[in-house]
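Taking it in order: structure first as structure tokens, then the write-up.
Every number here is computed from the coordinates shown, using simple stated rules; none is lab data. These figures come from a predicted structure and were not determined experimentally. Heads up, the Cβs are rebuilt from the backbone with ideal geometry, glycines too, and the neighbour counts pull from every protein chain shown.
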Ligand SMILES: [Zn+2]
Ligand SMILES: [Zn+2]
Ligand SMILES: [Zn+2]
């Protein structure tokens, strides 16, 4: 019985530490998630909304409405670009410079 008394508070402390860590990571994601690191022109060239806002198809900016970078250095809301690339007249080109769209890795 004495053993159990010693062991259980120890385990509780570990659980708390684990929870703390999870909360910290979640907070960091919430803060960093939609502060996109984008150069000068900070509006999407397709929908003309700011990158800190979401595309017209979404209601809440953040991880659910990510940005996509092309090798031509242009940035768009991913949803805007996918819609654009799905359009027949896009010919799979970047809407800004008409170069073949290649997603930067
Ligand atoms: Zn957009
Ligand atoms: Zn979106
Ligand atoms: Zn481009």
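Rounded to the nearest whole angstrom, the semi-axes of the ellipsoid equivalent to the stretch 37-105, taken from the Cα gyration tensor as √(5λ), stand at 18, 14, 10, largest first.
The listed peptides 62-73, 86-97, ordered by packing as a protection proxy, come out as 62-73, 86-97 (highest mean of other Cβ atoms within 10 Å first).
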